[in-house]
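Beneath this line is the structure, given in structure tokens, with notes to follow.
FYI, it's all coordinate maths here, none of it is from the lab. Only a predicted model underlies this, so the values are computations on that prediction, with no experimental measurement involved. Here the Cβ is made from the backbone with ideal geometry for all residues, glycine too, and neighbour counts use every protein chain on show.
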Amino acid sequence: MYDVTPPPAVSGAPSVTPPFTVPGSSTNFTANGSATLSWAAVTDPEGLVPTYRVVVRNASGSPVSTNEVSSNSVSLAGLTSGNSYTFTVTALNPNDSSKTSAVSAASSSVVSLNPTADDDGDGMTNAAELVAGTHPQNSQDKFSITNILRPASNSVKIEWPQVSGRKYRVQASTNLTSTNWTALATNLSTNSFTESSVTGTARFYRVVVETNSP
């Protein structure tokens, strides 16, 4: 005999992982048209191991694609740039896929961005803004050096807006057109760096978000 009863519903909403989040915004972003979802596995009182139906929905809530999987996570591709998506999950009886649980709550929204575009016109690509942790759709929120100070005659202090979870590298060069920038500090989790023993030679600085940041 087969169990043909509907399984219990997925608890809560699926999580979007890894989320590209921006401080002050509940929206997740993707710059490569993909998203990875995970959700709480369903425990059936009859011992049934359910399969899952994942539905991708557009901003109006209409389904745009459906995927059925046997695990409690899935990677989805093909999210069109410029559109916003949410995701729901339904548990299915593997012996009779018409026997389904209630639909889960919807995930938080995911906005798909063209990685090379600059949606807010602030001079940073959408992909670069996600790495920096700045909002790709707010021109007032961008990553830049905010202050260059001289605490002493032979020192320079550089300041920038720090974003939680990001690490920074400070580099210097004597020539803006040079491809050789010297790393002064790496793996910084602060919003400033001071270089001591600075000479009178012209010197330029830049701050880079480490590529292993979210």
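Please give the FRET efficiency for V64 paired with N180, using the beta carbon to beta carbon distance and R0 = 45 Å, rounded to the nearest 0.05. Efficiency, rounded to the nearest 0.05: 0.40. For the chain, the relative contact order works out to 18 percent when only alpha carbon pairs closer than 8 Å and six or more residues apart are counted.
Once C-alpha pairs closer than 8 Å and six or more residues apart are averaged by separation and normalised to the residue number of region 144-209, the relative contact order reads 39 percent. What the Cβ-Cβ distance of E46 and S109 gives, at R0 = 45 Å and to the nearest 0.05, is a FRET efficiency of 0.80. Cross-link partners of K157 among lysines, defined as those whose alpha carbon lies under 30 angstrom from its own and excluding same-chain residues fewer than eight positions apart: K142, K167. Here the chain is treated with +1 on each Lys and Arg Cβ and -1 on each Asp and Glu Cβ, and its dipole about the Cα centre works out to around 720 debye.
Each residue of region 163-168 was assigned a 3J(HN,Hα) from its phi angle through the Karplus expression (A = 6.51, B = -1.76, C = 1.60, θ = phi - 60°), giving 10, 4, x, 9, 10, 10 Hz with x at Gly and Pro.
Both numbers refer to the Cα atoms of region 144-209; Rg and Dmax are 11.7, 35 Å. Rounded to the nearest 0.05, the FRET efficiency derived from the C-beta distance between A202 and S144 at R0 = 35 Å is 0.95. Approximating the spin labels as points 7 Å out from Cα along Cα→Cβ, the A172-to-T27 distance works out to 4.0 nm.
Calculated mean residue ellipticity at 222 nm for the chain: -1000 deg cm²/dmol, from DSSP H runs with n ≥ 4 weighted as -39500 (n - 2.57), summed, divided by the residue count and rounded to 500. Summarising the overall dimensions of the chain from its C-alpha atoms, the Rg and Dmax are 23.7, 86 angstrom. Distance between the C-alpha centers of region 92-129 and region 8-38? Whole Å please. Taking the Cα centre of each part, region 92-129 and region 8-38 sit 7 Å apart. Largest first, the three principal axis extents of the alpha carbons in region 42-107 are 44, 20, 18 Å in whole numbers. Extension gain, S97 to T190: 0.36 nm times the residue separation minus the Cα-Cα distance gives 28.2 nm.
Compare the Cα positions of T17, V55, S164 along the charge dipole of the chain (+1 at Cβ of Lys, Arg; -1 at Cβ of Asp, Glu; about the Cα centre) and return the one farthest towards the positive end. Checking the options against the dipole of the chain, the answer is S164. Please report the antiparallel percentage of the DSSP beta bridges confined to the chain, to the nearest 5. DSSP beta bridges in the chain are roughly 95 percent antiparallel.
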